[in-house]
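The values are calculated or read from the model by the stated rules, or taken from the named source; none is laboratory data. In this text, all values refer to a predicted model and were calculated from it rather than measured experimentally. Methodologically, a virtual Cβ is constructed for each residue, glycine included, from the backbone with ideal geometry; neighbour enumeration extends over all protein chains shown.
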Amino acid sequence: MRFVDTIVKKREGKTLSTEEIREWIRGYVQGQIPDYQVSALLMAIVFQGMDARETYDLTMAMMNSGDLLDLSQIRGVTVDKHSTGGVGDKTTLVVAPMAAACGAKIAKMSGRGLGHTGGTLDKLESIPGFNCFLEKQAFFDQVNRIGLAIAGQTGNLVPADKKLYALRDVTGTVDSMPLIASSIMSKKLASGSSAIVLDVKYGSGAFMKTLEDAVALGREMMDIGRAAGRKVSVIVTDMDEPLGCAIGNALEVKEAIDTLCGRGPEDFTHLCLAVGSLMLVTAGIVRDEKQAQKRLEEVLANGAALEKFKAMVRAQGGDVSVVDDPRRLPKSRMTTELRARQDGCIDHMDAMNLGTLAMQIGAGRRTKDDAIEPETGIVLRAKVGDCVKEGQVLAQVCHNVPLEQEWIHGFYDSISLSGSPGQRRPLIREILT
Ligand code: URA
């Protein structure tokens, strides 16, 4: 069959066979099918969709396009978590050590940030000396020794996704449920953990703008994971306003350390406990959510989770003294306080805009080759539902070059004030188990 026939078939809304999907991925990875034909097929999928069987086949074809990480050397139950991405989302930095302190084995492959969303590796690299490049054996040994490791990809995992994602990024074909589900799940399945918790975000700062779409994506990914023999749970959470207060790499590491010390922002701490508890229950480490919460609260209170974080930083070459004293993290040349221009109550904060503003001052990348300035970003001093007085600090901005007027206007445009306290949207909307 010529590849053009596959494109036409999907354009006409028909269902692709398992063989056609495998041939597409094999031919594309091997360079036999050109980008322009794959772009056309991707666009046809954006408009026509894929059914559950096609999406599963696509996930499997992508997963099998490269190496598979065999975690059988790791003693204990391996648990992974994934967030579909958001602003201020430093959850992995807290839940990985918390879950490890409760006995889970966290062998986590993480990524870098692009656009308004941050990446776990960039955050960890703001700790002086922290090494995200671990050889496979060193990665396994570290997990066996201390219970967790967070690193960039080892080996050639899911090369199909690297090629396809780059193409989707420049052809307007990222926004497609089957393409997102197969992209995420192929990587999670190739990474080998037996239990996986997916944090699917919705709202202005997320891929999914509505709760319904986020639930549908969560279900789709859960079905794929279970069909592949893994234990999968989904938590659907709000990403309309940034998570916690800090946006920007070193700032988020500081907030993660504060949270591990039991003094993190309320919303972020609440999410960490919920995600951590789902990880323990999904992996079968505890009986139920109540027991999970109790164990997690214990490891926060007795410092065991913080010790796990420290052990990881030490094992990966990072400067552990920053954990004891986060003031030692990189600092921006300038800080500016932005104050409320009138009395009012915050009824909306646009996570996407705030993430983009943080990116513009160095906290993120416009293109994947941009360098990060880890010390830059925004720390919110008020959040949705808070009432402020004129002159009260709304945020502290950490930057290395003077802020432009347009940037400052952008900040104020991202925050809307009204006369009376607005409704805070619940952070956790659905849990699918
Ligand atoms: N994250 C991914 O890894 N893939 C997508 O397609 C979207 C978000």
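A few remarks follow.
- Boolean, residue 187 is over 20 Å from residue 42 (Cβ atoms) and either of a type in the set (D, E, K, R) or at pLDDT below 95 (or both): no
- Complete set of residues in the stretch 192-222 that are within 15 Å of the ligand (Cβ to nearest atom), closer than 29 Å to residue 154 by Cβ and either of a type outside the set (A, V, I, L, M, F, W, C) or not in a strand (DSSP E or B) (or both): 199, 201, 206, 207, 217, 218, 220, 221
- The set of residues in the stretch 378-433 that are more than 20 Å from residue 251 (Cα to Cα), aliphatic (A, V, I, L, M) and not in a loop (DSSP other than H, G, I, E, B) comprises 388, 415, 417, 428, 431, 432.
- Tally of residues being free of Cβ contacts under 8 Å to residues at least 24 places away in the same chain and either within 19 Å of residue 176 (Cα to Cα) or in contact with a strand residue (DSSP E or B) (Cβ under 6 Å, 6 or more places away or on another chain) (or both) across the stretch 18-46: 1
- The helices (runs of 4 or more DSSP H) located wholly in the stretch 90-191 that include 2 or more residues which are in contact (Cβ under 8 Å) with a residue 40 or more places away in the chain and within 16 Å of the ligand (Cβ to nearest atom) occupy 91-101, 159-171, 177-190.
- Some residue of the stretch 282-290 being assigned to a helix (DSSP H, G or I) and either acidic (Asp, Glu) or surrounded by fewer than 20 Cβ atoms within 10 Å (Cβ to Cβ) (or both): yes
- Residue 87 among the aliphatic types (A, V, I, L, M), in contact with a helix residue (DSSP H, G or I) (Cβ under 9 Å, 6 or more places away or on another chain), crowded, with 24+ Cβ neighbours inside 10 Å and assigned to a loop (DSSP other than H, G, I, E, B): yes
- Only one of 243, 278, 260, 251 that is closer than 20 Å to residue 423 by Cα and crowded, with 24+ Cβ neighbours inside 10 Å: 243
- Residue in the stretch 71-85 that is farthest from residue 217 (Cα to Cα), counting only those that are within 16 Å of the ligand (Cβ to nearest atom) and not basic (Lys, Arg): 80
- So residue 376, is it in contact (Cβ under 8 Å) with a residue 60 or more places away in the chain, of a type in the set (Ser, Thr, Tyr), loosely packed, with under 14 Cβ neighbours inside 10 Å and outside the structural domain of residue 117 (by TED's automatic domain parsing): no
- Residue within the stretch 164-173 that is over 16 Å from the mean Cα position of the chain (by Cα), assigned by TED's automatic domain parsing to the domain that holds residue 245, farther than 26 Å from residue 201 by Cα and β-branched (Val, Ile, Thr) present: no
- Residues within the stretch 36-68 that are buried (at least 19 other Cβ atoms within 10 Å of the Cβ) and part of a loop (DSSP other than H, G, I, E, B), tallied: 2
- Restricting attention to the stretch 167-180, the residues that are surrounded by fewer than 19 Cβ atoms within 10 Å (Cβ to Cβ) and out of contact with any Asp or Glu (no Cβ under 9 Å at 6 or more places or on another chain) add up to 5.
- Lone unmet requirement of (1) on the phi > 0 side of the Ramachandran plot; (2) not assigned by TED's automatic domain parsing to the domain that holds residue 193 for residue 76: (2)
Conditions tested, residue by residue: (1) at pLDDT below 95; (2) touching a Gly at 6+ places or on another chain (Cβ under 8 Å); (3) in a helix (DSSP H, G or I); (4) outside the structural domain of residue 264 (by TED's automatic domain parsing).
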| position | (1), (2), (3), (4) |
| --- | --- |
| 307 | no, no, yes, no |
| 313 | no, no, yes, no |
| 318 | no, yes, no, no |
| 337 | no, no, no, yes |
| 341 | no, no, no, yes |
| 348 | yes, yes, no, yes |
| 352 | yes, yes, yes, yes |
| 361 | no, yes, yes, yes |
| 367 | yes, no, no, yes |
